[in-house]
Amino acid sequence: MKAPSVVRAVLDFDVAEYVSTTRAVGRHHLDPELRNRMAELYLDLRDALHEPDAVFDRQELRVLRFAELALQSEWKLADPSGGADCAGLLNTVSGPRGKRYQPYANVRLLNQVLGTRRGSSDASIEYRCRQTLRFLVRSWLEYEQRSSNGTETTWGWQRPLTPDAMSERLDRLARLRQDTADWPSLPRPHPVPPARWHHYVGDAGRSDTLEYLVNLPQTQHHDENAFLRVIHLTEVTTSGILARTLGAKTWLEAGRLREAAMCLERAAALASLQLDVMRVLRRTMSVENFLGFRKETGDASAVQMTSSQALHVHLLGVHPLKVEALERVPENAFLLFHLNDRFRPLRSLLHELPRDCDDSAQVLAAARELDETLYAWRRLHLGLAHRYLPKDSMGSGGTSGAPYLAGFYQDRLFHAGELTPHPVPVIAPALEGRPVWARAIFSPMN
C-alpha cells in the first residue's frame, strides 16, 4: 500500500519554503522542479485518500484534505504540456488546467476558510465572511503602508504607483478598515509562514491560510497584489450575499416575510462594501499597471467565478443567452441543473408576494436596495472592462469581453423602482467563434 509513504511525504513538505520562494519570485517563476513535485504529491495524495484499505485518524485526514487543496492549485497551474520530465504525469487526469480563475486565486482554500462547503447556515457563513473581510482589508492596508514607506520585503517592492494614487489607495483602504472595525475579527497570523500543513488547518489556522496561502501573485508586480486582494474581497462578499439570498428564498417560501427582509438587508450591506472595494481598484490602478501583469493571469476569467454565477442564477434564473457560456466553463456547468420548472429564483418569489402588506413592502424595499447596489457594481465592472481590456479583445473565458458584460448588466430585479416584468429584454452577447444571435432577445421566467 502506497498511502503511508505518501502521507509522510505530504506531512514533511516544507510549506514555509514554498511560500517564501513564491513570494520572492512570483508563482509564474516558481522553480518547475518544486511545482512538479507538488503536482506529483497532489496526484499521489488524491489516490491515497481514495484507497479502500487506507485508514487515517480524524485530525490526520483533516490535514491531508487541506494539503490536497493547496497542492491541487499548483497541479492545475503546472504546464499541461508538461515538458520532458512531467508530460505523462500531468496529462493523466482530465479537467480544466492552466492559469484559470480558481487556482489563480486559490478559491478552494478561500472557501475552506469561509466554510461554505460544510452545510453551514446563512448566518454562520455571513459571520465568517465578515471575519475574513475585516482580516483581508487590514492585511491589504498594512501591505500598502509598508510599500509606501519602503519596508515591504516580499513581492512588489518596485512600488509602481504614483504618489497620488498611493495616497488615495491608502485613504480608501483606511475607510474600509474603519467600516469593518466593529465586525468579528480573526487573530493575527504568525509573523512568518508556518512550516507544516497542520498549522493552517481549522479555525486556528484561518489567519495563516489567508495571509500566506490564499494570496500568491504570479508576478512581482506591486499591483497584482491589489488585483488579487480585490478578487478575494469580491469572492467573500459574494459568498455572504449568496448565503443570505438563499436564506431569504427559504423564508419567502415559508411565508416568513420579516425574516426574508432581514436576510436581504444583510445581503445589501455586504454588496455596499463590495462596491467600495471595486472603487479602490478603479480609482487607483492605472491601465499600464494592469497590463503589466495581465498576461501572467492566463485565462483566469471572472466568468469562471462560481459564486457570482450562482448568485445571478438564484436572483434572476438561468438566462437562455448564458447557457452556452456556462456550458463552456466546466467549473460552472452544474448551474444548468437550475433550468427546470421546479426552480424559482428570487425574482419569481418576489412577484408572488401578497400586495398591500407592510411585510411585503419591507421585503421589496430590501430587495430593491440589494438590486440597486449590485447593479451599480455591474456598471462599474463593465467600465473596468472597457478601461483595462484592449479594444476588441476577447474575454479570457471565451466570451466577447466587455460586450458580453454589456449584454447582461441590465438584467436585474427592478427597473425604475418597480419589479421587472417577464420576459426581460437584454442584448445578446457574442461568444468566441459564434455569431450574435439577435439584438433583442427576451428572457423567460425560469
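What FRET efficiency comes out for residue 174 versus residue 259 if R0 is 30 angstrom and r is the Cβ-Cβ distance? Round to the nearest 0.05.
0.30
With the crude spin-label approximation of a point 7 Å out along Cα→Cβ, what separation in nm comes out for residue 16 versus residue 386?
Output for this residue pair reads 5.1 nm.
Given R₀ = 51 Å, FRET efficiency for residue 34-residue 342 by Cβ-Cβ distance, to 0.05?
Computed FRET efficiency for residue 34 and residue 342 comes out at 0.60.
Kindly state, to the nearest 0.05, the FRET efficiency for residue 358 paired with residue 120, given R0 = 51 Å and r defined as their beta-carbon distance.
Computed FRET efficiency for residue 358 and residue 120: 0.95.
Kindly write out, for the range 103-108 in residue order, the coupling ³J(HN,Hα) from the Karplus curve 6.51 cos²θ - 1.76 cosθ + 1.60 (θ = phi - 60°), rounded to whole Hz, with x marking Gly and Pro.
Karplus-based 3J(HN,Hα) across the range 103-108 equals x, 4, 9, 6, 5, 5 Hz.
Defining a contact as two alpha carbons under 8 Å apart and six or more residues distant in sequence, what relative contact order in percent does the range 222-361 show?
RCO, the range 222-361: 26 percent.
Using the Karplus equation 6.51 cos²θ - 1.76 cosθ + 1.60 (θ = phi - 60°), what ³J(HN,Hα) coupling, rounded to whole Hz, does each residue of the range 60-68 give in order, writing x for Gly and Pro?
Coupling constants for the range 60-68: 4, 5, 4, 5, 5, 5, 5, 4, 4 Hz.
Give me the extension gain from residue 419 to residue 151: residue separation times 0.36 nm, minus the current Cα-Cα distance, reported in nm with one decimal.
Result for the pair: 91.3 nm of gain on full extension.
Bear in mind that the values in this text are calculations on the coordinates, not laboratory data. None of the values given here were measured: they were computed from a predicted structure. Note that we place each Cβ from the backbone using ideal geometry, even for glycine, and neighbour counts take in every protein chain shown.
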